[in-house]
């Protein structure tokens, strides 16, 4: 089959029927590769770019890398956390603006910061079930081009105005307008049920698990150092396509030092006074960016002469009751991972790479601390003791969100594509395929985690 | 496509003023478009040799309007001067003066093409003189032609027929709009190798071609031209140019390979990508290059080595990998982009000219290595080409650079691309180790 889709599964051809759905065996879903645009600090290079612009750019880079021009992909799924109401069909619109076949269906998905990873899992499941042969998962977010809504008061007045018919009625509705109604309603990272920002929530968790400032700064430092080394080694040459003059993540500080990080003043946990540890250096900044991942059945990848980097083995979502303070807002992965590993008969020792999204350095360290805590293991996870600890040299080895930045929905795609490439390079370990764990926390007390394996 | 001045002097008042003031009046050149006729009118074949007869018969078989004798006042598309059996300088007179009588009948963008033998390949002083005479004659005639007409020559090595594949392919190239900005140049057909394509509109069908520096300018034009001619493309550029590269790749339905060609494993990565993704590798176009201009007195280590490293050392390394690869043995083609700076020199470009001179040296010495597998390696040397790079040259300098050639204008990136596509084709298999200038017969240099 031509990689350009000139033959084979053309626009209106159908895959040959196999067996009825009930008897059809589950097959593997493989990661072919990925593409993202460099992540830009909010208010920077992508200030004038919309979510649709960035997602289209990320798609077009993926299409160019893998020769998918005019290809009808089984399905494309992506999403954004900060989304304009006009972007009700964001992903489909991005597909239509890309070099893919216009006959490629698409849907939007939204699960806060887990959006990107959840698109990977959902589409991989469809491939495993034989519903589709190819898919593109992705995510995009712009904190610069965020939607600003009118106030609730003005919104009600405008809707009422639309409903009434006569001029006197209209004037009457308009007379309800007060100056305060004209103040716009900007989005925030505050949790609707607690009013606390994500950073303030994490500050409480960080303090609860006694995570030191030094440990957080060290994690941030490693993130920058590892990401910088990855760029220098050309690791991102086939994972990234420049956009708007940016060829590297603009948040990356290759020359940062532990000393510099130590000088920063705390920005979250002000109520903790001198105990506050979370700074702009060990927290992710607001970021703009987009990422995509090409998924396929093995047959589709082979027929298109495309690489197969890794398989999507399994995934798990969890949520915590942060509203009543039972657990920290971003602690759901601490529960999701033990459940996922138990289902797959694995322990933390069976992994070669850990990709734990660095929403805040404190998030990663609190999660690791919980897993190493006997009481947490017994009382919260129902284990005999601590869940376990990880080899820190396997953690975020090519950097993570503290250095790269975190355009909410785009982080999952960034991690999955990078991890798949690392797994493929690693190959086999002690006779088994190299294995990696992805963990992403999300607003609303949620978390999504996944296992990938080299082929 | 044409610069503003050329547009101005080709219409209405501007045309009159330019004529009265004796200003340069560059013509709008005939450039190739798919489906376009090969020539604009009848083709006059001059010469009484067997080679001339065979060639005329071949042109007839292409459905061209062929004349063996001039018809008075008939507009001509081309004059072909077959001078393949010259024995002494006196032999030149008859065909040359017959052609002279028809020069005024040449239409716009018409062609004069000579077919001769190499001066070096004869022991007879008189014969060598006659053959070398063709060189001076044709280059002078090229400077006399007007209205976008050009004169170029094909030099057939001893024993190579006028109807050999590469002789015919070179003839078609020179006759067509593909050679719009090639003027006063010779191509040597060294062997009878090569195959004419089943479809002249898709001479590169089924081929997999790599183009370096494909994100912009001449590289992007090469990609578009090779795609038009039927090739499947791998487009290479540095990671920092990846967005432009992706746009070109999506336009020509190729794959983008973000790669620094100066990295040690560049050749192997190019081969691996082409073979894994497209199943083969037939053509490599070394187009990527940089300039870091400085007078030699002010030259530093960084400017010198970066230019030499990217413009020539990287090509040498990649060629080594290609020649060692079992995937590059089926009549492979390499075409390198040199520069007229490398021939004539250019102030402020000692580093660049050294690198581009180096490209031509590399091509000459690599030719036998490629020939071992039925392959070829050639170079093109562009003169003043209208690109983003030349658009940044100060106005006055740019105007001088543009007008100082027989066609009184700058070339287009597509002009370079057309020559490359020709040299990369199967039909050009008999042309090896050659350098073709695409400069409108620039007044500086050879």
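The values are calculated or read from the model by the stated rules, or taken from the named source; none is laboratory data. Remember, it's a predicted structure, so these values are computed and weren't measured experimentally. Cβ placement follows ideal geometry from the backbone for every residue including glycine, while neighbour counts extend to all protein chains displayed.
Mind listing whichever residues of region A:126-172 are part of a loop (DSSP other than H, G, I, E, B), more than 30 Å from residue A:47 (Cβ to Cβ) and free of Cβ contacts under 8 Å to residues at least 40 places away in the same chain?
Within region A:126-172, A:164, A:165, A:166 meet the criteria.
With respect to the numbered conditions (1) in contact with a strand residue (DSSP E or B) (Cβ under 6 Å, 6 or more places away or on another chain); (2) under 23 Å from residue B:50 (Cα atoms), which one is the sole condition not fulfilled by residue B:69?
Just one mismatch for residue B:69, condition (1).
Please specify each residue of region B:224-236 satisfying the condition of being out of contact with any strand residue (DSSP E or B) (no Cβ under 8 Å at 6 or more places or on another chain) and either assigned to a helix (DSSP H, G or I) or at the interface with another protein chain (Cβ under 10 Å from one of its Cβ atoms) (or both).
Once the filter is applied, which keeps residues that are out of contact with any strand residue (DSSP E or B) (no Cβ under 8 Å at 6 or more places or on another chain) and either assigned to a helix (DSSP H, G or I) or at the interface with another protein chain (Cβ under 10 Å from one of its Cβ atoms) (or both), region B:224-236 yields B:224, B:225, B:228.
Has region A:275-298 got any residue that is within 30 Å of residue A:133 (Cβ to Cβ) and part of a helix (DSSP H, G or I)?
yes
With the condition kept exactly as written, say whether any residue in region B:33-41 is at pLDDT below 90 and surrounded by fewer than 21 Cβ atoms within 10 Å (Cβ to Cβ).
no
I need every pair where a residue in region A:237-256 that is within 7 Å of another protein chain (Cβ to nearest Cβ) and modelled with pLDDT of 95 or more has its Cβ under 6 Å from the Cβ of a residue that is buried (at least 18 other Cβ atoms within 10 Å of the Cβ) and assigned to a loop (DSSP other than H, G, I, E, B), sequence separation at least 6 or different chains.
Qualifying pairs under 6 Å: A:243/A:37.
Condition test on residue B:126, is it at pLDDT below 95, out of contact with any helix residue (DSSP H, G or I) (no Cβ under 6 Å at 6 or more places or on another chain) and surrounded by fewer than 22 Cβ atoms within 10 Å (Cβ to Cβ)?
no
So, restricting to helices (runs of 4 or more DSSP H) that lie completely within region B:237-348, which ones have at least 3 residues that are touching a residue at least 24 places away in the same chain (Cβ under 8 Å) and within 12 Å of chain A (Cβ to nearest Cβ)?
Those helices (runs of 4 or more DSSP H) span B:242-252, B:266-278.
For region A:98-117, check the following and say yes or no: at least one residue is in contact with a strand residue (DSSP E or B) (Cβ under 7 Å, 6 or more places away or on another chain), within 14 Å of chain B (Cβ to nearest Cβ), part of a loop (DSSP other than H, G, I, E, B) and crowded, with 24+ Cβ neighbours inside 10 Å.
no
For region A:257-271, indicate whether the set of residues that are buried (at least 22 other Cβ atoms within 10 Å of the Cβ) and either in a helix (DSSP H, G or I) or within 14 Å of chain B (Cβ to nearest Cβ) (or both) is non-empty.
Yes, region A:257-271 contains at least one residue that is buried (at least 22 other Cβ atoms within 10 Å of the Cβ) and either in a helix (DSSP H, G or I) or within 14 Å of chain B (Cβ to nearest Cβ) (or both).
With (1) within 14 Å of chain B (Cβ to nearest Cβ); (2) assigned to a loop (DSSP other than H, G, I, E, B); (3) more than 19 Å from residue A:105 (Cα to Cα) as the list, and residue A:32 as the residue in question, which single condition is left unmet?
The number of the failed condition is (2).
Can you tell me which residue is nearest to the other protein chains (Cβ to nearest Cβ) among those in region A:75-92 that are surrounded by fewer than 21 Cβ atoms within 10 Å (Cβ to Cβ) and outside any loop (DSSP other than H, G, I, E, B)?
Per the criteria, the residue is A:92.
What is the one condition in (1) surrounded by 22 or more Cβ atoms within 10 Å (Cβ to Cβ); (2) over 16 Å from residue B:281 (Cβ atoms); (3) within 13 Å of another protein chain (Cβ to nearest Cβ) that residue B:219 does not satisfy?
(3)
Criterion first (more than 28 Å from residue A:370 (Cα to Cα), assigned to a loop (DSSP other than H, G, I, E, B) and out of contact with any helix residue (DSSP H, G or I) (no Cβ under 7 Å at 6 or more places or on another chain)) does residue A:195 satisfy it?
For residue A:195, the condition - more than 28 Å from residue A:370 (Cα to Cα), assigned to a loop (DSSP other than H, G, I, E, B) and out of contact with any helix residue (DSSP H, G or I) (no Cβ under 7 Å at 6 or more places or on another chain) - is not met.
Where residues in region B:336-363 are closer than 16 Å to residue B:296 by Cβ and in contact with a strand residue (DSSP E or B) (Cβ under 8 Å, 6 or more places away or on another chain), which of them is surrounded by the fewest Cβ atoms within 10 Å (Cβ to Cβ)?
Step by step, filter region B:336-363, then rank; the result is B:342.
Is it the case that residue A:72 is part of a helix (DSSP H, G or I), away from chain B (no Cβ under 14 Å) and either more than 30 Å from residue A:280 (Cβ to Cβ) or within 22 Å of the chain's Cα centre (by Cα) (or both)?
It is false that residue A:72 is part of a helix (DSSP H, G or I), away from chain B (no Cβ under 14 Å) and either more than 30 Å from residue A:280 (Cβ to Cβ) or within 22 Å of the chain's Cα centre (by Cα) (or both).
Could you please let me know if residue A:306 is crowded, with 16+ Cβ neighbours inside 10 Å, more than 18 Å from the chain's Cα centre (by Cα), at pLDDT 95 or above and assigned to a loop (DSSP other than H, G, I, E, B)?
When the stated conditions are applied, residue A:306 passes them.
Please work out which residue is farthest from the other protein chains (Cβ to nearest Cβ), limiting yourself to region A:212-225 and to residues that are out of contact with any strand residue (DSSP E or B) (no Cβ under 9 Å at 6 or more places or on another chain) and buried (at least 20 other Cβ atoms within 10 Å of the Cβ).
Looking at residues that are out of contact with any strand residue (DSSP E or B) (no Cβ under 9 Å at 6 or more places or on another chain) and buried (at least 20 other Cβ atoms within 10 Å of the Cβ), I get A:221.
Hey, residue A:59 hits all of (1) within 14 Å of another protein chain (Cβ to nearest Cβ); (2) outside any loop (DSSP other than H, G, I, E, B); (3) surrounded by fewer than 21 Cβ atoms within 10 Å (Cβ to Cβ) but one; which does it fall short on?
(3)
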